[in-house]
1. I'd like the residue in the stretch 2-16 that is surrounded by fewer than 10 Cβ atoms within 10 Å (Cβ to Cβ) and at pLDDT 75 or above and, out of all such residues, is nearest to ASN118 (Cα to Cα).
2. On the basis of being surrounded by 13 or more Cβ atoms within 10 Å (Cβ to Cβ), out of contact with any Ser or Thr (no Cβ under 7 Å at 6 or more places or on another chain), more than 14 Å from LEU14 (Cα to Cα) and among the aliphatic types (A, V, I, L, M), does LEU123 make the cut?
Amino acid sequence: MTDPAALGPINGVLLWTSAERYEPLAAFYRDVLRLPVRTDRPGHLAFEWPDGMRLTLGVHTLVDGPARDPHRIMLNLAAPDIVAVAATLRARGVVFTREPSPEPWGGWIATFADPDGNLVQLLQPAGS
């Protein structure tokens with residue numbers, strides 16, 4: 001029997017930003033990365049994948065300016081063909097701080113920042 005007090009897997013991530021930084025951030029995830037939009041309303045933009053995983057962007061009055069420590073949290077996005085995905089994003093203006101490259105464990109990684117300075121990483125698992 002499952003423990004009713006047990007927590008399940010992560011079902012979402014929320015990135016807060018300030019009101020003046022919200023539109024460039026929303027446009028980046030919606031229009032440049034072209035993530036699957038679930039909800040789009042003023043100050044709130046949610047993306048959702050078929051497995052129910054969500055990424056939400058929102059305005060918060062206690063957040064000001066760009067990410068102060070962009071290495072603290074890194075958003076990983078699956079990329080079945082990382083070289084092709086990176087080429088597409090580069091054509092849309094994404095600047096990579098780490099070009100697609102293999103890892104010792106067999107997968108591939110590429111890294112870039114969003115308009116708030118949050119680090120985003122493309123991840124192609126080993127064997128794919």
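The values are calculated or read from the model by the stated rules, or taken from the named source; none is laboratory data. On a predicted model such as this, the values are computed, not experimentally measured, just so you know. Glycine also receives a Cβ, built like all others from the backbone with ideal geometry; neighbour counts cover every protein chain displayed.
1. Ranking the candidates gives ILE10 first.
2. yes
Residues are listed down the side, and each one gets a yes or a no for (1) outside the structural domain of THR111 (by TED's automatic domain parsing); (2) loosely packed, with under 13 Cβ neighbours inside 10 Å; (3) within 15 Å of GLY117 (Cα to Cα); (4) in contact with a Leu (Cβ under 9 Å, 6 or more places away or on another chain):
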{"position": "TYR22", "(1), (2), (3), (4)": "yes, no, yes, yes"}
{"position": "LEU35", "(1), (2), (3), (4)": "yes, no, no, yes"}
{"position": "THR61", "(1), (2), (3), (4)": "yes, yes, no, no"}
{"position": "ASP81", "(1), (2), (3), (4)": "no, no, no, no"}
